[in-house]
């Protein structure tokens, strides 16, 4: 009779004197010997990153950490105003708003780019066109494309491309990103630019990171960015002003 295998974890365990992560002693082998980026990759995949992976992940974490007064940062600031003792709650409030409209479309973009690269080279442009036309016909936003501010092109895209290629990325997924960018412009007749989430999805694929966790890198970076907003809120408060600006901007109207 078939017996289902009991579940296990390969991530972490501890005893009275030691903590082990992925088979290595945390204190003897990891602390002071691995950067945070290296440890993220080691924790996720069980092996240290290549130089290319390290460069790509570093660039992604830096480029996506700070967004200014976006809804997620505002949510964190307003939460810390109402509950100044709940740092974790304020960070969580900001992270909950990191979704398909703000911060978190790298995973969805990566899925589409993988579809293109899975095709033979000669068929990739046609696949990009098919995807763009499908989204345009459905009047849906193509994840990773379009930006409300950087209407002439998101400056982060080119820089992440440069870092990834300089680190040794083959560039297939990056090239697919540009194919899809051209295709969405042709299908829509509009100057819809490539944004940073498409670039993040592309370079993470170049680093052999699956689309299913691409958004996780955005969240790791945004967590740090939100802590920065909370620190500034503690020292240079803006949330009270934001609250009253909202009251003024949205007046009461009797039913």
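Taken together, the values in this text are just the output of simple stated rules run on the coordinates, not laboratory data. The model shown is predicted, which means the values in this text are computed figures rather than measured ones. Because the Cβ atoms are built from the backbone with ideal geometry, glycine has one as well, and the counts that use them run over all protein chains shown.
For the stretch 70-118, report the convex hull volume of the alpha-carbon atoms normalised per residue, in Å³, without decimals. Write out the running numbers ahead of the final one.
Working: hull volume 2.8 nm³, N = 49.
It comes to 58 Å³ per residue, whole-number rounded.
Projected onto planes of every orientation and averaged, the convex hull of the alpha-carbon atoms in the stretch 106-213 covers 6.3 nm².
The ellipsoid equivalent to the alpha-carbon distribution of the stretch 186-255 has semi-axes of 35, 23, 11 angstrom, derived from the gyration tensor eigenvalues as √(5λ) and listed largest first. For the chain, taking Cα atoms only, Rg and Dmax work out to 21.4, 69 Å respectively.
What separates the Cα centres of the stretch 63-120 and the stretch 1-45 is a distance of 27 Å. When the square roots of the Cα gyration tensor eigenvalues are ordered a ≥ b ≥ c, the ratio a/c for the stretch 1-147 is 1.5 or more and a/b does not exceed b/c, which makes its shape oblate.
Projected label points at residue 140 and residue 227, each 7 Å from Cα along the beta carbon direction, are separated by 3.6 nanometres. The value for the stretch 93-167 of Rg(Cα) / (2.2 N^0.38 Å) is 1.27.
Using a simple spin-label model with pseudo-atoms 7 Å out from Cα toward Cβ, residue 123 and residue 5 lie 3.3 nm apart. Normalising the Debye intensity of the stretch 95-134 to I(0), with uniform scatterers on Cα atoms only, and taking log10 at q = 0.26 Å⁻¹ returns -0.82.
For the chain, relative contact order (Cα pairs under 8 Å, six or more residues apart, normalised by length) works out to 25 percent. Packing around the peptides 106-116, 26-36, taken as the average count of other Cβ atoms within 10 Å per residue, puts them in this order, highest first: 106-116, 26-36.
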